[in-house]
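The values are calculated or read from the model by the stated rules, or taken from the named source; none is laboratory data. Predicted, not measured: the structure shown is a model, and the values here were computed from it. No Cβ is skipped: glycine too gets one built from the backbone with ideal geometry, and neighbour counts run over all protein chains shown.
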Amino acid sequence: MENISLSYLNRAELWLCISTLLYFLMNGAQIFETFILVPKWTLSPPDNFRLLLDGPGTSLKNFWIILHSLHEVTFILAIIFCWKIDPVRNWLLILFVLHMAVRVWTLAFFAPNIIDFQKVAEEPSLGKDLVSRTALWQTLNYVRVAIFIAISIGLVPLCIKLFSLRP
């Protein structure tokens, strides 16, 4: 590890802590959605799919786009500002790859299914195998949220490590 200035360390701490706090904020929103909202719209497909619609429903599309985008920018900034701190950088890179793998899974599976469920809310005749599809979505969502929580918990020791480097 190179000679790290206090200014560099301050920026590294700031961005890693911001990224970690945003991750925990995201976890809170995911837990709320998983245990409060998801059971409501999966309870009786397609009758409750209207809850997913923009306007009359509780569509959280814009919320998630903004929060994930903001978090991923801060995560990248944390990596940039922790770059000279080898053990922190290496773990951040591993956690970021895991995070992005789950984000790709989200964009490849969860988002398209929600879009389909929204279409079914507007035109119920489009729905096929809705009970099994919503059950699978809900089950896999528990796994996804657990992985996101595990990744965010993995950031905490890195924050502690950074603070232990202070002179």
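In table form, for the structure just shown:
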| quantity | calculated |
| --- | --- |
| Some residue of the stretch 28-49 being among the aliphatic types (A, V, I, L, M) and closer than 19 Å to L95 by Cα | no |
| The stretch 158-167: number of residues that are in a helix (DSSP H, G or I), in contact (Cβ under 8 Å) with a residue 60 or more places away in the chain and not hydrophobic (A, V, I, L, M, F, W, C) | 1 |
| Residue match in the stretch 156-167 (condition: exposed (fewer than 14 other Cβ atoms within 10 Å of the Cβ), within 18 Å of the chain's Cα centre (by Cα) and modelled with pLDDT of 95 or more) | yes |
| Residue in the stretch 24-42 that is in contact with a Gly (Cβ under 9 Å, 6 or more places away or on another chain), closer than 30 Å to Y8 by Cα and surrounded by 15 or more Cβ atoms within 10 Å (Cβ to Cβ) present | no |
| Answer from R11, R89 - the residue that is touching a residue at least 40 places away in the same chain (Cβ under 8 Å), more than 20 Å from I147 (Cβ to Cβ) and basic (K, R) | R11 |
| Listing of helices (runs of 4 or more DSSP H) fully contained in the stretch 50-155 that carry 3 or more residues being at pLDDT 95 or above, over 18 Å from P39 (Cα atoms) and under 13 Å from the mean Cα position of the chain (by Cα) | 61-81, 86-105 |
| Subset of the stretch 24-49 [in a helix (DSSP H, G or I) and free of Cβ contacts under 8 Å to residues at least 40 places away in the same chain] | G28, A29, F32, E33, F35, I36, L37, K40, D47, N48 |
| Condition broken by D47, with the remaining ones in (1) surrounded by fewer than 16 Cβ atoms within 10 Å (Cβ to Cβ); (2) within 18 Å of F163 (Cβ to Cβ) satisfied | (2) |
| Residues satisfying the stated conditions in the stretch 14-42, i.e. among the β-branched types (V, I, T) and within 18 Å of R144 (Cα to Cα) | T20, I31, T34, I36, V38, T42 |
| Filter result (among the basic types (K, R) and within 15 Å of C159 (Cβ to Cβ)) within the stretch 82-112 | R89 |
